[in-house]
Amino acid sequence: MTGVMQDIRFGLRQLGRSLGFTSVAAFTIALGIGANTAIFSLVSGILLRPLPYLRPAELVSVTGTYPKGAFSVLREQVRTMDVAAYAEGHEYNLTHVGDPVRLSGTPVSAEFFSLLGVRPQLGRTFVPGEDAAGNDQYVILSHELWEQRFGGNGNVIGRFIELEGASREIVGVMPSDFHFPSPKTQVWVPLHNDPRNKVEYWADDFMPVIGRLHPGATLAQAGAEVRLFQSRVFTLFPWEMPRSWNADATVVGLRTGLVGDVRTRLLLLLGAVALVLLIACANVANLMLSRSATREKEMGIRAALGAAPRRIARQLLTESVLLSLIGAALGFGIAAAGLSALKAALPANTPRIEDVHLDWRVLLFTAGLAIATGLAFGLAPSLQSSKAALSDALNSAGRGAAASVSRRLRGSLAIAEVALSVMLVIAAGLLIRSFWALSHVDPGFRPERIVTARITPNQSFCSEIERCLTFYRDVLDRAHSSPGVSDAALVNTLPLGGRVSKRSLQIEGFVATNEEKMPLFWLDVVSARYFHVMGIPLLAGRTFTSADETGNPGVAIVTAASAARYWPGQNAVGKHIRFSNEHEWRTVVGIINEVRAYDLQHNTPEFMRGTVYVPYSPKATLEDGRVPADMTVVLQTSANDGQVSALLHRTVSSLSSEIPVSEVKTMRSVVQEAVATPASTTVLFSSFAAVALILGMVGIYGILSFLVSRRRKEIGLRMALGARRQDILLLVMKEGATFALAGLLLGIVGALLLAKLLATQLYGISSVDAVTYGGVAGLVSLVTMAACYIPARRAMQVDPLIALRYD
């Protein structure tokens, strides 16, 4: 320990004497460690941190989704675990508590909270039986809603509030750190299990199911039990279900189930920053080799005085680790400053993002990474110096051999830097090209000058259908007559808005298999001017008219893909369709261009067979037979969203004081939100690639500068013997080009080997896209030649007389 302390004190003095070297090396390491620490914070919080629930290792997720009826049977029959279900995406109007507001809520089964093992901050959670119809008029508040709307009043328990027009008793308030299943959740209500309503019980919500393993039960046993149940569940439905539904259902850990495909993106980012750190290590190793070259005589004297090679290596490794720890301290500061920016760059719906912060795990990771990094970049220079100390330091021939080894080592490090940089830049190039392709996808509508807003009356408001229709006609009329508004329309589910509605329908004359007797279609309920306002091209027939909004006769419009699927080679205009539970046929009056309503990638589920539009009329019913009350106003306007928000709030409040207006946004922002995930991945990868490319080019520049300084005598001799300055320029550029070309080839090979890992994140291009690989090769060649030119130009300016006297 005495020797180690001596090494530490001496190492600190040495680093203090070379502040320029220490600053550059520490900052280089800080970039690599800071980026790794920030990304590891995300990985730790999202992938590694245990869930904040009782005995989280026992919690599991069923990969399938089940309606209430199937879940109720599953709850009774499984023996390996207790199960609970929750239905995301529900919303409720909260009225008579200040201004009306639309809340995000989650219906849950009665055992949901007890299964997770969480306790409320106030009151209680639901008890068995409180998810049955007639006994489910309760609500639990989130901590944030309790503070915002109820002023943190501790006497709120037992109070009745009106949600969606129904009175519910507040029985609990959850702690501030409980956000399951989403940070957006503001209220939890019991599931409404009513076996008498077959449509709602068997088709309304297909819900995720979570469970807690019984003592001694394993994931494999639970998965086998779920698969056995899945093989029998089809017989329970009142209608025939497609065999592809939940075909691969199994059981995984709850943390795995919650994270989903975010795992792949995070691991790719972690791999990217690991490459940045490797490049930084190679860069600092080259700096250390340059520094060790100036300490040859010092090392030789130490060896001559009896220092063993191991002792010299330990001293140099100690200096490397100290340097790395300094860089790590700076890097931790960079990570702390950049983590909030990283979280902001990720989509808001990233699972468990609220659990991400710097903690002792991250600090321990940074410390371990610093030590490993110090050993990594210090090992080669320390071994080189210690081995050469005795034989080379005082011997010119030995110095020549050592210089040759050092040159090869430096060259190898520079090649590795370029290769790793090329791999990252190719990955970034592929993501950029993919994002470009995605952002230029035709969504099927024109988003320019379109502002939208959701208007959400209680569903009971539309129990009198004519009142609902009259209300929305008044909203459209007043909006259309407002300054700056050129046109207005309604739609129940905005394209790319994250909400969808579906209906099963029968197609006249279509001979189908058993599984497709009643194919499932996306259902859009729209007003007559909707296609004109959104700029959706009409391909055949006509769009809706105001006469169609009476519902007699029933009409529909289908997309081109739907028409081609069910009426191939025929004109779909004039054909007939009929929704389930309808007695009259609807006539197809038009065919429109395909609209990317689900997502821009067009990743629609296989079981969805097409899209149908119907006019907003008394016959425009959803799956449960109701006319949609929740509609989105689409305005073609020159006004901004703030002005539109004020206009619609005034308009709606003048018609009803209990109807909220929310989510006022432009269609441009809706499209941008649809590409938020690939955009964030692309930006982060591109940032890391830029840092890697800069570090790689600095490495090339550093080695050539060092070699030029070591070869000044040789260069002077060449020039004295008649070599032109252009010859010297080509000599140095050729050497740099050799390093760059070797690194470029290795980097391309490495990128090809790893291309499959990136393929799932790409859209519209191949992971071996020739344009990207060629473009990156040209970019890296250009940048490396620029890095080579500076030391080459310096070599051209060597004075032969001075160089020949240089030692």
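The values are calculated or read from the model by the stated rules, or taken from the named source; none is laboratory data. Quick caveat, the model's predicted, so the values are computed rather than measured. Methodologically, a virtual Cβ is constructed for each residue, glycine included, from the backbone with ideal geometry; neighbour enumeration extends over all protein chains shown. When the accessible area is computed, the model is the full protein with side chains, heavy atoms only, and any ligands, DNA or RNA have been set aside. Shrake-Rupley method; radii C 1.70, N 1.55, O 1.52, S 1.80 Å.
From the list 420, 409, 379, which one is out of contact with any Phe, Trp or Tyr (no Cβ under 6 Å at 6 or more places or on another chain), assigned to a helix (DSSP H, G or I) and modelled with pLDDT of 85 or more? Steps first, please.
Details: 409 fails: modelled with pLDDT of 85 or more; 379 fails: modelled with pLDDT of 85 or more.
Of 420, 409, 379, the one residue that is out of contact with any Phe, Trp or Tyr (no Cβ under 6 Å at 6 or more places or on another chain), assigned to a helix (DSSP H, G or I) and modelled with pLDDT of 85 or more is 420.
Which of the numbered conditions does residue 575 fail, given that it passes all the others? Conditions: (1) modelled with pLDDT of 90 or more; (2) surrounded by fewer than 19 Cβ atoms within 10 Å (Cβ to Cβ); (3) over 22 Å from residue 491 (Cβ atoms).
Of everything listed in (1) modelled with pLDDT of 90 or more; (2) surrounded by fewer than 19 Cβ atoms within 10 Å (Cβ to Cβ); (3) over 22 Å from residue 491 (Cβ atoms), residue 575 misses just condition (2).
So which of 609, 668 ends up being open to solvent by 10 Å² or more (accessible area, probe 1.4 Å) and either without any contact (Cβ under 8 Å) to a residue 40 or more places away in the chain or more than 25 Å from the chain's Cα centre (by Cα) (or both)?
Details: 668 fails: either without any contact (Cβ under 8 Å) to a residue 40 or more places away in the chain or more than 25 Å from the chain's Cα centre (by Cα) (or both).
So the residue among 609, 668 that is open to solvent by 10 Å² or more (accessible area, probe 1.4 Å) and either without any contact (Cβ under 8 Å) to a residue 40 or more places away in the chain or more than 25 Å from the chain's Cα centre (by Cα) (or both) is 609.
Please list, ordered by first then second residue, the pairs with beta carbon atoms under 7 Å, 6 or more apart or interchain, first in the range 39-52 and on the phi < 0 side of the Ramachandran plot, second open to solvent by 10 Å² or more (accessible area, probe 1.4 Å) and at pLDDT 85 or above.
39/270; 40/270; 40/365; 43/270; 50/56; 51/255; 52/177
Only one residue in 617, 653 is open to solvent by 30 Å² or more (accessible area, probe 1.4 Å) and either among the hydroxyl-bearing types (Ser, Thr, Tyr) or closer than 19 Å to residue 533 by Cα (or both), so which one is that?
Numbers: 617 fails: open to solvent by 30 Å² or more (accessible area, probe 1.4 Å).
Just one listed residue meets the conditions, 653.
Would you confirm whether any residue within the range 439-453 is modelled with pLDDT under 90, aliphatic (A, V, I, L, M) and farther than 30 Å from residue 652 by Cα?
Within the range 439-453 (the criterion being modelled with pLDDT under 90, aliphatic (A, V, I, L, M) and farther than 30 Å from residue 652 by Cα), the answer is yes, since at least one residue qualifies.
Per-residue answers, yes or no, for (1) open to solvent by 30 Å² or more (accessible area, probe 1.4 Å); (2) modelled with pLDDT under 90; (3) within 36 Å of the chain's Cα centre (by Cα); (4) farther than 26 Å from residue 673 by Cα:
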| residue | (1), (2), (3), (4) |
| --- | --- |
| 472 | no, no, no, yes |
| 490 | no, no, yes, no |
| 494 | no, no, yes, no |
| 512 | yes, yes, no, yes |
| 552 | yes, yes, no, yes |
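Given the residues 478, 467, 473, which is the only one that is touching a residue at least 24 places away in the same chain (Cβ under 8 Å) and of a type in the set (Lys, Arg)? Walk me through it before giving the result.
Numbers: 467 fails: touching a residue at least 24 places away in the same chain (Cβ under 8 Å); 473 fails: touching a residue at least 24 places away in the same chain (Cβ under 8 Å).
That would be 478, the only listed residue that is touching a residue at least 24 places away in the same chain (Cβ under 8 Å) and of a type in the set (Lys, Arg).
Are any residues in the range 536-555 part of a strand (DSSP E or B) and closer than 18 Å to residue 492 by Cβ, and if so, which ones?
Within the range 536-555, the first condition is being part of a strand (DSSP E or B), and the residues that meet it are 538-541, 555.
Selection gives 555 alone.
Just one of 20, 11 is open to solvent by 30 Å² or more (accessible area, probe 1.4 Å), of a type outside the set (A, V, I, L, M) and in a helix (DSSP H, G or I); which is it?
On the way: 11 fails: open to solvent by 30 Å² or more (accessible area, probe 1.4 Å).
Result: 20 is the single residue among 20, 11 that is open to solvent by 30 Å² or more (accessible area, probe 1.4 Å), of a type outside the set (A, V, I, L, M) and in a helix (DSSP H, G or I).
This table checks each residue for (1) buried (at least 24 other Cβ atoms within 10 Å of the Cβ); (2) polar (S, T, N, Q); (3) modelled with pLDDT under 85; (4) in contact with a Leu (Cβ under 8 Å, 6 or more places away or on another chain).
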site: 402; (1), (2), (3), (4): no, no, yes, no
site: 425; (1), (2), (3), (4): yes, no, no, yes
site: 432; (1), (2), (3), (4): no, no, no, no
site: 437; (1), (2), (3), (4): no, no, no, no
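Could you identify the single residue in 137, 148 that is surrounded by fewer than 17 Cβ atoms within 10 Å (Cβ to Cβ), touching a strand residue (DSSP E or B) at 6+ places or on another chain (Cβ under 9 Å) and of a type in the set (S, T, N, Q)? Give the steps one after another, and end with the answer.
Details: 148 fails: touching a strand residue (DSSP E or B) at 6+ places or on another chain (Cβ under 9 Å).
The match here is 137.
Only one of 558, 533 is in a helix (DSSP H, G or I) and at pLDDT 90 or above; which? Walk me through it before giving the result.
Values: 558 fails: in a helix (DSSP H, G or I).
Answer to the selection: 533.
State all residues of the range 659-678 that are closer than 14 Å to residue 495 by Cα and either part of a helix (DSSP H, G or I) or touching a His at 6+ places or on another chain (Cβ under 6 Å) (or both); if no residue qualifies, say none.
Across the range 659-678, the qualifying residues are 667, 668, 669, 670, 671, 672, 673, 674.
Step by step: first the residues of the range 474-488, then only those that are among the polar types (S, T, N, Q) and in a loop (DSSP other than H, G, I, E, B), then the one that is surrounded by the fewest Cβ atoms within 10 Å (Cβ to Cβ). Which residue is that? Walk me through how you get there before you give the answer.
Taking the range 474-488 as the starting set, the residues that turn out to be among the polar types (S, T, N, Q) are 481-482, 486.
Right, trim to in a loop (DSSP other than H, G, I, E, B) and you get 481-482.
On the way: 481: 9, 482: 18.
So, considering only residues that are among the polar types (S, T, N, Q) and in a loop (DSSP other than H, G, I, E, B), the one surrounded by the fewest Cβ atoms within 10 Å (Cβ to Cβ) is 481.
Can you tell me which residue within the range 101-116, out of those that are open to solvent by 30 Å² or more (accessible area, probe 1.4 Å) and in contact (Cβ under 8 Å) with a residue 24 or more places away in the chain, is farthest from the chain's Cα centre (by Cα)?
Keep residues of the range 101-116 that are open to solvent by 30 Å² or more (accessible area, probe 1.4 Å), which gives 101-102, 104, 111, 114.
Next, from what is left, pick out any that are in contact (Cβ under 8 Å) with a residue 24 or more places away in the chain: 101-102, 104, 111.
Values: 101: 29, 102: 26, 104: 22, 111: 31 Å.
Ranking the qualifying residues of the range 101-116, first place goes to 111.
Out of (1) in contact (Cβ under 8 Å) with a residue 60 or more places away in the chain; (2) touching an Asp or Glu at 6+ places or on another chain (Cβ under 8 Å), what's the single condition that is false for residue 159?
(1)
Among what's in the range 496-508 and is of a type outside the set (A, V, I, L, M), in contact with a helix residue (DSSP H, G or I) (Cβ under 9 Å, 6 or more places away or on another chain) and part of a loop (DSSP other than H, G, I, E, B), pick the residue that is surrounded by the fewest Cβ atoms within 10 Å (Cβ to Cβ).
Taking the candidates together, the pick is 498.
One line per residue, one yes/no per condition, for (1) open to solvent by 10 Å² or more (accessible area, probe 1.4 Å); (2) closer than 30 Å to residue 439 by Cα; (3) within 41 Å of the chain's Cα centre (by Cα):
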position	(1), (2), (3)
627	no, no, yes
631	no, yes, yes
634	no, yes, yes
638	yes, yes, yes
664	yes, yes, yes
697	yes, no, yes
701	yes, no, yes
705	yes, no, no
726	yes, no, no
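Which of the strands (runs of 3 or more DSSP E) contained wholly in the range 33-117 include at least 3 residues that are within 30 Å of residue 362 (Cβ to Cβ)?
Strands (runs of 3 or more DSSP E) meeting the threshold: 59-66.
Does the range 64-73 contain at least one residue that is open to solvent by less than 10 Å² (accessible area, probe 1.4 Å) and among the β-branched types (Val, Ile, Thr)?
The answer is no, given that none of the residues of the range 64-73 is open to solvent by less than 10 Å² (accessible area, probe 1.4 Å) and among the β-branched types (Val, Ile, Thr).
Residue-wise test of (1) modelled with pLDDT under 85; (2) not in a helix (DSSP H, G or I).
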residue: 691; (1), (2): no, no
residue: 707; (1), (2): yes, no
residue: 719; (1), (2): yes, no
residue: 728; (1), (2): yes, no
residue: 746; (1), (2): no, no
residue: 749; (1), (2): no, no
residue: 766; (1), (2): no, yes
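If we keep just the residues of the range 239-292 that are of a type in the set (A, V, I, L, M, F, W, C) and more than 31 Å from the chain's Cα centre (by Cα), which is most open to solvent (accessible area, probe 1.4 Å)? Working first, answer last.
Here is the first cut: in the range 239-292, the ones of a type in the set (A, V, I, L, M, F, W, C) are 239, 241, 245, 247, 249, 251-252, 254, 258-259, 262, 266-270, 272-282, 284-285, 287-289.
In the following step, the residues that additionally are more than 31 Å from the chain's Cα centre (by Cα) were identified as 239, 241, 284-285, 287-289.
Numbers: 239: 97, 241: 26, 284: 0, 285: 4, 287: 53, 288: 20, 289: 3 Å².
The extreme case among them is 239.
Do we find that residue 98 is free of Cβ contacts under 8 Å to residues at least 60 places away in the same chain and at positive phi in this structure? Quick ask: steps written out before the conclusion?
Values: free of Cβ contacts under 8 Å to residues at least 60 places away in the same chain: yes; at positive phi: yes.
Yes.
Inside the range 120-134, can you point out the residues that are in contact with a Gly (Cβ under 9 Å, 6 or more places away or on another chain) and either assigned to a loop (DSSP other than H, G, I, E, B) or open to solvent by 60 Å² or more (accessible area, probe 1.4 Å) (or both)? So that I can check it myself, show each step before the final result.
So the first thing to find is which residues in the range 120-134 are in contact with a Gly (Cβ under 9 Å, 6 or more places away or on another chain), and the list is 120-126.
Across the range 120-134, the qualifying residues are 120, 121, 124, 125, 126.
Specify the residue that is nearest to residue 92 (Cα to Cα); the eligible residues are those in the range 446-466 that are part of a loop (DSSP other than H, G, I, E, B) and open to solvent by 60 Å² or more (accessible area, probe 1.4 Å).
Keep residues of the range 446-466 that are part of a loop (DSSP other than H, G, I, E, B), which gives 446-449, 456-458, 463-464.
Now restrict to residues that are open to solvent by 60 Å² or more (accessible area, probe 1.4 Å): 446, 448-449, 463-464.
Working: 446: 31, 448: 31, 449: 30, 463: 16, 464: 19 Å.
My answer is 463.
Name the residue that is modelled with the highest pLDDT, counting only residues in the range 332-345 that are in contact with a Ser or Thr (Cβ under 6 Å, 6 or more places away or on another chain) and farther than 9 Å from residue 38 by Cβ.
Ranking the qualifying residues of the range 332-345, first place goes to 332.
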